[in-house]
Structure formats: structure tokens, C-alpha cells
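The values are calculated or read from the model by the stated rules, or taken from the named source; none is laboratory data. On a predicted model such as this, the values are computed, not experimentally measured, just so you know. Quick reminder, even Gly has a Cβ in these numbers, built from the backbone with ideal geometry, and neighbours come from all protein chains shown.
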Amino acid sequence: MEIIPTEIPDVKIIKPRVFSDDRGYFFESYNRNGFTESGIDAVFVQDNESRSVKGVLRGLHFQKPPHAQGKLVRVVRGAVLDVAVDIRKESPWYGKWVAVELTEHNKWMCWIPEGFAHGFLTLEDNTIFSYKCTGFYNASSEGSIRWDDPMLNINWGVSDPVLSDKDRKAPLFSELGNIF
């Protein structure tokens, strides 16, 4: 497994060793020792999975303390543009974002620690997206930021994605305040 820091070093791309032959493939999608040795000392308590048609944008979501979540995300089928936005007020990367394409073919994963808003855009029909969370979901701690916030200026590559009502009505980044 290779762990690569992004432009925001706390967000990391994980490239697993994939063993392929004429039968198919095998890889470890999670190994606590390997992650801990690489500086990701997370304890996961909940796994989630979604399936979406092409053009669905889910996010940008986060959970406020004390129910904040770190996430280890990957694509089981299809492809996404995965985005993490630093919302830690004291961080040198506050308000900055990183994006990585995760696909069923590259099998990459992305580690997004607490203090980040997270979202993804599906690039293929019937994309299955999986994520491990370090905290349990808590509806009263749910937060979001508008996907097309002009202050963040995220290049999603689309102008009219499929959105939930909640994501369409999400507040702007400037309205967040000091959460983390």
C-alpha cells in the first residue's frame, strides 16, 4: 500500500497493491497496522454505501463536533470526482480543497480526516461509493456547504448536477462560522 499526501497534507490518497490474474483481482482495502504505520490512526465505527446514476453530486457534507467524522472512501463500481474542503479555521489550508478521481479500475481510496467537508460527483451510471467513518452519524450534528460556492470555486466539471433538495439549499462557506 502506498499512501500519498495531497496538496492538503492531512488528506491522503491510498493506492493499494492489487494482485490480478486471469481469475480477477485481490487487494486489501483496509489494514489497521498499515494505516497506523502511515500516520492514519483511525478507528472506524460505521460503514456506508451509496449507489448513484451519472451526474449525481452528493455534498459537501460534514458532522460538527462532538460527532465529527473522519472518512476512508472508495469506489466499488464506476467512478467519482471526490472533493475534500478544509473547514478547520486555524488550518493554513482553511477554505482550500483537493479533488481526486476514484474509480473501480484504479482502486484508490482517499482518507479525509475530521474537520473537512466532503462531497463527490458520480462520473458513471450505477456508481457504488463506499466509506468507512470514525464516528456514528448524528442528525443534529449534520452540516453542509453549497457545492457551487463561489468563494470555494470548486471545478466539478459540470454546471447542472443532480442534487438533493438539502444539498441545493446548503449554506455558503462564509456562513459556517468557527466549527472546527
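Taking the numbered list (1) without any contact (Cβ under 8 Å) to a residue 12 or more places away in the chain; (2) assigned to a strand (DSSP E or B) in turn, Thr36 passes all entries but (2). Pairs please, first residue from segment 1-19 and hydroxyl-bearing (Ser, Thr, Tyr) and modelled with pLDDT of 95 or more, second anywhere and surrounded by 14 or more Cβ atoms within 10 Å (Cβ to Cβ) and assigned to a strand (DSSP E or B), Cβ atoms under 6 Å, 6+ apart in sequence or on different chains. From residues that are hydroxyl-bearing (Ser, Thr, Tyr) and modelled with pLDDT of 95 or more, the pairs are Thr6/Val98. Filtered by the rule that a residue be surrounded by fewer than 20 Cβ atoms within 10 Å (Cβ to Cβ) and not charged (D, E, K, R), segment 74-92 gives Val76, Leu81, Ser91, Pro92. For segment 45-55, does any single residue satisfy the condition of being part of a loop (DSSP other than H, G, I, E, B) and over 26 Å from Ala170 (Cβ atoms)? Checking segment 45-55: not a single residue is part of a loop (DSSP other than H, G, I, E, B) and over 26 Å from Ala170 (Cβ atoms). Got a number for residues in segment 145-170 being surrounded by 13 or more Cβ atoms within 10 Å (Cβ to Cβ) and over 18 Å from Leu81 (Cα atoms)? Number satisfying all stated conditions: 1.
Looking only at segment 15-28, decide whether some residue is assigned to a strand (DSSP E or B) and within 19 Å of Val80 (Cβ to Cβ). Yes; the residues of segment 15-28 include at least one that is assigned to a strand (DSSP E or B) and within 19 Å of Val80 (Cβ to Cβ).
The rows are residues; the columns are (1) more than 17 Å from Trp147 (Cβ to Cβ); (2) at pLDDT below 95; (3) buried (at least 20 other Cβ atoms within 10 Å of the Cβ).
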{"position": "Phe44", "(1), (2), (3)": "yes, no, no"}
{"position": "Lys54", "(1), (2), (3)": "no, no, no"}
{"position": "Gln69", "(1), (2), (3)": "yes, no, yes"}
{"position": "Gly119", "(1), (2), (3)": "no, no, yes"}
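Meeting the requirement of 3 or more residues that are under 15 Å from Ile14 (Cβ atoms) and of a type in the set (Ser, Thr, Tyr), no strands (runs of 3 or more DSSP E) wholly within segment 59-106 can be named. Could you check Asn33 against (1) within 16 Å of Ile112 (Cβ to Cβ); (2) surrounded by fewer than 11 Cβ atoms within 10 Å (Cβ to Cβ) and say which number it fails? Exception for Asn33: condition (1).
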